[in-house]
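Report on the following structure.
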Amino acid sequence: MNTDTPQVARSYLFVPGNRPDRYARAFASGADAVVIDLEDAVAPERKEAARTALAAWGAGEQGHGAQLVVRINDDASAWFDADLALLRTLGPCAVMLPKAESGSQLERIAALLPAASVIALIESAAGLLEVDAIAKAPCVQRLAFGTLDYALDLGLTDDPRGLLYPASRIALASRVAGLPSPIAGITPAFNDDAALRSDFELARSCGFGAKMCIHPRQIDTVHAMLAPTPQQIDWARRVLAAAQSGSGAVQVDGKMVDRPVLLRASAMLNQPPATPY
């Protein structure tokens, strides 16, 4: 499956697989990627109906714009094989694998779907301990952090400090494997902008560059938080201008401009705008 997109996705909007009436709205929401969920959002007795709905929609859908991602059921579930069979019939999409805990899981998907591009969802202690092997699996496109399931697995409290180590560990594994920065977990309180910002600020401080969303109203905030501010853009332009002046060692705002500063300024100016593309 070819998953090339103009830019690395910043927002991943979830929609239940058994709600095809919401598919079009999700793709029109401005999210960079839409995750049609066959796992947690769908009750066991509705799994088959969700696959049928997705197959029917996928057969006639062309040019939906945003990247399509399908979150399948995990490989220990009774629905895994049927989910993979469905993916063989769909057009270009990525696969989100929940409960990723070993490289062998990714090898199994690659064997059954040779062209698969996988977002591996780390949401357990076992997954975190194997995150390097998971990140280096050839079919892995990106890592994501399932914060709610991880907290449940380890019995964490609501103190966000419990997520600092695993988040940093996932970001490090992504960087070493040459993957894009990982995807942060959901914020369940979709009407609480302060909670969304707090959650994503913590993830950003650990090196994350995207977020899973459960409501369209979360998308603009996520994009805005990833875009440089006008003040940062002004600083970056002044840094590059100073470096191009040819006057040797230069300073901007009382600080020396060296190579890391130049690279940061250049990267800042190359980031996508806050508005959806």
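The values are calculated or read from the model by the stated rules, or taken from the named source; none is laboratory data. Quick caveat, the model's predicted, so the values are computed rather than measured. Neighbour counts run over all protein chains shown; Cβ positions are idealised from the backbone, glycine included.
In table form, for the structure just shown:
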{"read-out": "Residues satisfying the stated conditions in segment 141-163, i.e. crowded, with 20+ Cβ neighbours inside 10 Å, in a helix (DSSP H, G or I) and of a type in the set (A, V, I, L, M)", "value": "LEU163"}
{"read-out": "The listed residue being over 17 Å from SER11 (Cα atoms), assigned to a loop (DSSP other than H, G, I, E, B) and either free of Cβ contacts under 8 Å to residues at least 60 places away in the same chain or not basic (Lys, Arg) (or both), out of PRO138, PRO166", "value": "PRO138"}
{"read-out": "Filtered residues of segment 173-200 (kept if part of a helix (DSSP H, G or I), under 15 Å from the mean Cα position of the chain (by Cα) and over 26 Å from ALA28 (Cα atoms))", "value": "ALA173, SER174, ARG175"}
{"read-out": "Lone qualifier among ALA31, ALA50 - being touching a residue at least 24 places away in the same chain (Cβ under 8 Å), in the same structural domain as VAL15 (by TED's automatic domain parsing), crowded, with 16+ Cβ neighbours inside 10 Å and not in a helix (DSSP H, G or I)", "value": "ALA31"}
{"read-out": "Breaking point among (1) free of Cβ contacts under 8 Å to residues at least 24 places away in the same chain; (2) in contact with a Gly (Cβ under 9 Å, 6 or more places away or on another chain); (3) of a type in the set (D, E, K, R), for ASP159", "value": "(2)"}
{"read-out": "Hits in segment 110-130 - residues which are buried (at least 24 other Cβ atoms within 10 Å of the Cβ) and assigned to a helix (DSSP H, G or I)", "value": "GLY127"}
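Residues checked against (1) assigned by TED's automatic domain parsing to the domain that holds ALA167; (2) of a type in the set (D, E, K, R); (3) touching a Pro at 6+ places or on another chain (Cβ under 9 Å):
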| residue | (1), (2), (3) |
| --- | --- |
| TRP57 | yes, no, yes |
| ARG71 | yes, yes, yes |
| LEU113 | yes, no, no |
| ALA116 | yes, no, no |
| ILE122 | yes, no, yes |
